[in-house]
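In what follows, a structure is listed as structure tokens, so that the remarks can point back to it.
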Amino acid sequence: MLGSVVIVGGGTSGWMTAAYLRRALGDKVSVTLVESKRIKTIGVGEATFSTVRHFFDYLGMAEHEWMPRCNATYKLGIRFENWREKGHYFYHPFERLPVVDGFPLTDWWLAKQPGPRFDQDVFLMSSIVDNERSPRFLDGTLFEQEFVERAGDPARTTLSEQSTQFPYAYQFDASLLADYLCEYATERGARHIEDDVLDVVRDERGWISHVVTKEHGDLTGDLFIDCTGFRGLLINQALEEPFVSYQDTLPNDSAVALRVPVDMEKRGLRPCTTATAQDAGWIWTIPLYGRIGTGYVYASDYCGPEEAERTLREFVGPEAGDLEANHIRMRIGRTRQSWVNNCVAIGLSSGFVEPLESTGIFFIQHGIEQLVKHFPDAGWDPGLRSSYNTAVARVMDGVREFLVLHYHCAARADNAYWRDAKTRALPDGLAERLEQWRSKLPSTDTIYPHYHGFEPYSYLSMLLGLGGLELKPANAVSLMDDSRAADEFRRIKDLSHDLVKRLPSQYEYLSQMR
Ligand SMILES: Cc1cc2nc3c(=O)[nH]c(=O)nc-3n(C[C@H](O)[C@H](O)[C@H](O)COP(=O)(O)OP(=O)(O)OC[C@H]3O[C@@H](n4cnc5c(N)ncnc54)[C@H](O)[C@@H]3O)c2cc1C
Ligand SMILES: N[C@H](Cc1c[nH]c2cc(Cl)ccc12)C(=O)O
């Protein structure tokens, strides 16, 4: 029986792992986390997938408990500004497409063109977000009753088992979340050591026998989890597992970030992340309770750090003042195998694509859940490692492909950065899929074929919003009776208007939660 786990790293990945393992495995497996006080965490990582709710549910953390502690807000999707052309915006929501007479509303919309904005005509969230409404009424009920509430239900639904689509995700202060999870994990028996790991010692088989710390001696264990971020201290440095770069297809390799205090009552609190396209990348705006997180993700081949910081400060305006900017060099790609011998990499050490679709914490949650599903015993079955590595590689390769689509299919081509995105190498398989989509809109059997977190509606939302790929509806919808489709468009329009009138603002809802 495997008895002890040593986690190196105390960022979001380290503390999410420690908390989850304590909840899942209890006292059967000891958990020790060692983190340096000298080496800072990445300090960003604030928007999530809707499926992160399963992580909080499983830990028994209710919204009213953790959200105020982490200055958290709701995220009903991402608002993409200036990706098609300057002045244009659209949403990528957490909302599936209604189906009428066997065809998703995408086909009916392309055939009938009921309005100027696809996302407004087919999704409820567009009007809710445009009007900065909360997804919950003041009594806590959700705006749409069909969504399955998991809150308070200890039954564990992991990411890949989710069958329903929940309407929102969260945005939070990552450092505050790590502190909150540290409390959760240590209260449940995790051992916390603040120290530097100076060396990683391997035995004659090449497995890690122990790590050497500066002040707490050697830390031995059965399983070592590398949560040391981009540096990959255990997996890449000590075990020399190679890193597979995605840079040939995703050129954004740098970022500069600011934390900007704001008066939410004056500014409003829009329940979404905004990605505003720029000359050499895009700027994220993540409204938290009391401040915004913002940053410019850019390609250093097209823009230097000084220019990027200038662009970001101009974008933010006077509120940027003399706030200190955090410059980050991003390692884009994945470790070839995240699990080698008795070492598992989780977080940035395992892999990272740029944060355009808020996938970093999704990768962490997926890696942790898959580790529990593949947890080893003293036999160390290599088949478990192989199955785990395949699942993790596919999730990251699939997200990489989805992100490349954002640039390749963006209509704007007003400078070298955006023009080059149309001719840059594509990940294996994407060229064929694009060809298929020109004839028939993306569907379950024509998107990336392995679990990667996104469903066809995400591809459809992006392709119809980005405007760079000519799409056509199924021929049949032009021959069919369209009265039921017209009724559905009207239902969405009327319900959207009604919800905007009845829902509180997000600011009002979150303020009453405190
Ligand atoms: C610009 C940017 C924006 C992002 N935005 C998002 C987002 O919106 N949504 C999202 O989901 N993800 C986002 N991410 C990803 C997210 O930030 C990371 O997934 C998350 O912070 C996890 O980081 P980590 O814990 O793996 O590494 P880190 O935060 O880098 O933590 C590494 C830890 O290892 C410790 N350590 C390192 N070396 C040693 C040593 N020798 N001894 C002891 N301890 C050591 C450090 O002290 C630290 O505690 C973003 C990333 C970037 C770069
Ligand atoms: N697993 C899905 C992923 C997903 C669906 N819609 C969106 C929108 C945005 Cl902005 C990010 C991720 C997803 C989920 O989390 O619901």
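Results, tabulated for the structure shown:
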| read-out | value |
| --- | --- |
| Proximal lysines to LYS472, defined as alpha-carbon separation beneath 28 angstrom and excluding residues fewer than eight positions away on the same chain | LYS86, LYS112, LYS422, LYS440, LYS493 |
| Calculated FRET efficiency for the pair ARG205/ALA486, C-beta based, R₀ 60 Å, to 0.05 | 0.35 |
| Neighbour net charge for ASP218 - beta-carbon separation under 15 angstrom, K R +1, D E -1 | -3 |
| Probe 1.4 Å - accessible area at GLU46, Å² to nearest ten | 10 |
| Listed residues GLU455, GLU357 arranged by accessible area, highest first, probe 1.4 Å | GLU455, GLU357 |
| Gain upon complete extension [LYS373, LEU138; 0.36 nm per residue less C-alpha separation] | 80.8 nm |
| Nearest-0.05 FRET efficiency for GLN165 and ASP322, computed from C-beta distance (R0 51 Å) | 0.75 |
| Contour minus Cα-Cα distance for ASP498 and GLN512 (0.36 nm per residue) | 2.8 nm |
| Label-reachable residues, segment 496-514, where backbone N falls under 15 Å from a point 7 Å from ARG69's Cα toward its Cβ | 514 |
| ARG484 - accessible surface, heavy atoms, 1.4 Å probe, Å² rounded to 10 | 130 |
| Three semi-axes of the equivalent ellipsoid, the chain, Cα gyration tensor, whole Å, largest first | 38, 25, 24 |
| CD proxy at 222 nm, helix term only [per DSSP H run n ≥ 4: -39500 (n - 2.57); per residue of the chain; nearest 500] | -10000 deg cm²/dmol |
| Cα gyration tensor, segment 208-311 - rounded (a/c under 1.5), prolate or oblate | oblate |
| Heavy-atom accessible area ranking, 1.4 Å probe, most first, across GLU187, GLU194 | GLU187, GLU194 |
| Per residue, in Å², the accessible surface of the chain once ligands and nucleic acids are set aside, probe 1.4 Å | 39 |
| Rh (Kirkwood; distinct C-alpha pairs) - segment 94-145, Å | 12.5 |
| Relative contact order (percent, whole number), the chain, Cα cutoff 8 Å, 6+ residue spacing | 23 |
| Net lengthening on full extension, PHE230/ASP428 (0.36 nm per residue, minus Cα-Cα) | 68.8 nm |
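The values are calculated or read from the model by the stated rules, or taken from the named source; none is laboratory data. Just so it is clear, the structure is predicted and the values come from calculations on it, not from any experiment. Cβ coordinates were reconstructed from backbone atoms using ideal geometry, including for glycine residues, and neighbour counts include every protein chain displayed. Calculation scope for accessible area: heavy atoms of the full protein, side chains included, ligands and nucleic acids excluded. Shrake-Rupley method; radii C 1.70, N 1.55, O 1.52, S 1.80 Å.
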